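Before any comments, here is the structure.
The values are calculated or read from the model by the stated rules, or taken from the named source; none is laboratory data. Small disclaimer: the values here were computed from a predicted structure and weren't measured. We place every Cβ from the backbone using ideal geometry, glycine too, and count neighbours over all the protein chains shown.
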Amino acid sequence: MKRRYKRKNIAAIRIRLWNAHNMRRRRRVKDKAKYIRIQRNKRKKVKYRRERSNITYYSNHNRTLVAPSRFSLLEYPEDVIGFINKIENLLSENVKVKSIMFELHDITSIDIGAVCLLLSKLNELSRKRIQNWGTLPKDQKCRKFIEESGFLDRMRDMSSGSPFSRKNKNLILNRGFDKTDNAATAKEIRKAVEHITGKQGYFKPIYSIAQEICANSVEHANEKIYKKNWLFSSSYLNDEVVFTMTDIGDGILKTLKRKLVKQIQDGLFKDSVDVLVNAFEKQYESRTQDPNRNKGLPKIYKVSSEKYIKNLIVVTNNVFLDFDNPEKSKMLRNTFKGTFYYWILNKECIEKWEKRLEK
C-alpha cells in the first residue's frame, strides 16, 4: 500500500511541475509580445500627406502615386509621360519598393494611350513582384472609359474580390514578353474588319505593321525579361476601330543612336523629330549593309502614306510624331522610355486596300 501511494504522489508532482512549466512558457510569450507592442508604440508615426511631387510615403517600402487630372497621351503627352516616369524613379530608389498604390481619383480627361502606358508599367511591376492597386476616377466618363477599355480585365475589385466584367468588344492584348502572339493579333484584326464592314475579312496592312512592331520590341528591347513587353489594343467605335501598340523597350531614337551613330552624326543640325521622320522614310542604312535590315519603320510609313490606315501617331523617347498633321509633331520635355503607336481603321481604308487589286 505504501509503494502504491508513493507512486501516485510522484505522478501528481510531475503533473504539477509540467503545468508550472507551461505557465512559465506562456508568461514569457505574453511578456515578449507586450514588450514588442510598447516598443512599436514608441515609434514616430508618419501621417498621410500629399507631396508636391504627387508621391505619398506611407512607410519605407510602400508608395502612392497620384495621376494628373489631364491623363490623355494624345492631348497632354507631357503630363502622362511625366507620371509614367515617376514609376521609373521609384524603382530606381535605394530603398526596395514592395507595393505601389495608384490614385486615379482626380482624372478628368483620359484616352487609350495613357491607359496602355500605365498598364505596361503595371505589367513590369508585376513581373518584378511589386504589388500594385489603385482607385478609379470619380468623373463618371473617365471611370466608364477605364471600365470599358479592357484595362480591368485581369484585375479584381478589392472590396468584393470578384473580377470586373463588361459587355463591349474592346480588348487590350496583354502579351509579348519574349515572343509575338500572331494568332491572337490576326483574330482581333478579323473582328475589326467584321465590325466595320459587317462581314468577315482579313486586312494584311495592319497585320504586317503589328508584326513589325512586335518583332522590333522582342529584338531591340532591354535584355531584362520584364522589359520585353508590348501591348496591342483595339477600341471599337461606331464606324471605326482604334488600334494602339505599346512597347516599353528603349525607344526608336535610342536604338537608332546606338546602332547608327555615324549616319545620325552626319545630320547634327537636325532635331529629334527630323531624325525620326528620316528613320521612317529609310534615310539611314544598316552598318552591315544587310538589305533586310531597317525595313520595319519604312513598312509602317508606307502603309500610312498609302492611306490603308489613318491618323498614325508615334510617341517615342522625346518625340511626338503625327503623320497626318505634321504641324502637330514636336519634341517633348519629358522622355518616354519606349514607343507608342496609334492609328485608326475605317471603311474607307478597307475599300482603298481592296481597290488596289483592280488597278
**Asked** Can you tell me which residues in region 301-359 are among the polar types (S, T, N, Q), closer than 29 Å to Asn85 by Cβ and touching a residue at least 40 places away in the same chain (Cβ under 8 Å)?
**Response** Thr316, Asn317, Asn318, Ser329, Asn334, Thr335, Thr339
**Message:** If the requirement is being assigned by TED's automatic domain parsing to the domain that holds Glu103, loosely packed, with under 15 Cβ neighbours inside 10 Å and either more than 17 Å from Gly134 (Cβ to Cβ) or at pLDDT 90 or above (or both), which of these qualifies: Ser53, Ser69?
**Reply:** Ser53
**Prompt:** Here are some conditions: (1) at pLDDT 80 or above; (2) farther than 27 Å from Ser234 by Cα. Val95 meets all but one. Which one does it not meet?
**Reply:** (1)
**Item:** Matching residues, region 306-325, being farther than 28 Å from Glu354 by Cβ and not aromatic (Phe, Trp, Tyr)
**Value:** Val315, Thr316, Asn317, Asn318, Val319, Leu321
**Complete:** Only one of Lys302, Lys330 is within 24 Å of the chain's Cα centre (by Cα) and modelled with pLDDT of 90 or more, namely Lys330
**Prompt:** Can you find even one residue in region 119-136 that is touching a strand residue (DSSP E or B) at 6+ places or on another chain (Cβ under 8 Å), at pLDDT 90 or above and closer than 24 Å to Thr316 by Cβ?
**Reply:** yes
**Message:** I'd like to check something: does region 96-107 contain any residue that is under 19 Å from Gly251 (Cα atoms) and acidic (Asp, Glu)?
**Reply:** no
**Request:** Scan region 119-152 for residues that are without any contact (Cβ under 8 Å) to a residue 40 or more places away in the chain, touching a helix residue (DSSP H, G or I) at 6+ places or on another chain (Cβ under 7 Å) and more than 21 Å from Leu237 (Cα to Cα) and jot them down.
**Result:** Asn132, Leu136, Pro137
**Prompt:** Does region 281-297 contain any residue that is at pLDDT below 85, crowded, with 20+ Cβ neighbours inside 10 Å and closer than 14 Å to Ile206 by Cα?
**Reply:** yes
